């Protein structure tokens, strides 16, 4: 288990904290715990986040796709691209939209409609 601490200053021009750095960091990590704290130093606001995490090994990624045939792997790539653009537009890490295993499960169940997806 590893830890990392982020300190993010408030961006007055954007009226927000820019959390891009922490989002990018979390993309390939299993987050076990996050503890955010707000503080002010020299009249400037900061958000500090303590992150306890585990590295996700690169060889784990293909294992989620091993049960897929070639057309399903193509669909997986397309869904992963959609997930990435959705995550970017929402400003969240991709795993918040869906995990790799959720994409594989969706492909394997092959729902024929949104209603079928809701039932399963």
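Each reported figure results from applying straightforward, stated rules to the coordinates on display, with no laboratory input. Note that the coordinates shown come from a computational prediction; the quantities given were computed from them, not determined experimentally. Positions of Cβ are backbone-derived with ideal geometry, glycine not excepted, and every protein chain shown enters the neighbour counts.
What FRET efficiency, computed as 1/(1 + (r/R0)^6) with R0 = 30 Å and r the Cβ-Cβ distance, is obtained for residue 33 and residue 12, rounded to the nearest 0.05?
About 0.50, to the nearest 0.05.
From the list (i) 2, 11, 25, 27, 22, 10, 1, 0; (ii) 2, 9, 15, 17, 17, 13, 10, 8, 6, 2, 1, 0; (iii) 2, 10, 19, 22, 20, 14, 8, 4, 2, 0, 0, can you say which value of P(r) over Cα pairs in 5 Å bins from 0, in percent was derived from the structure given?
Answer label, from the structure shown: (ii).
Relative to the longest principal axis of the C-alpha atoms of the chain, give the angle of the C-alpha long axis of helix 70-90, reported between 0 and 90° and rounded to the nearest 10°.
That works out to roughly 30 degrees.
For a quick protection proxy, order the peptides 98-108, 66-76 by their average other-Cβ count within 10 Å, most packed first.
Packing order, densest peptide first, comes out as 98-108, 66-76.
Report, in deg cm²/dmol and to the nearest 500, the calculated mean residue ellipticity at 222 nm for the chain, where each DSSP H run with n ≥ 4 adds -39500 (n - 2.57) and the sum is divided by the residue count.
Working: 6 runs with 52 residues, N = 120.
That calculation yields -12000 deg cm²/dmol at 222 nm.
Using Cα pairs closer than 8 Å and at least 6 residues apart in sequence, work out the relative contact order for the chain, in percent.
Relative contact order of the chain: 23 percent.
Using a Förster distance of 41 angstrom, determine the FRET efficiency expected from the C-beta separation of residue 21 and residue 113, and round it to 0.05.
On the way: r = 40 Å, r/R0 = 0.97.
Computed FRET efficiency for residue 21 and residue 113 comes out at 0.55.
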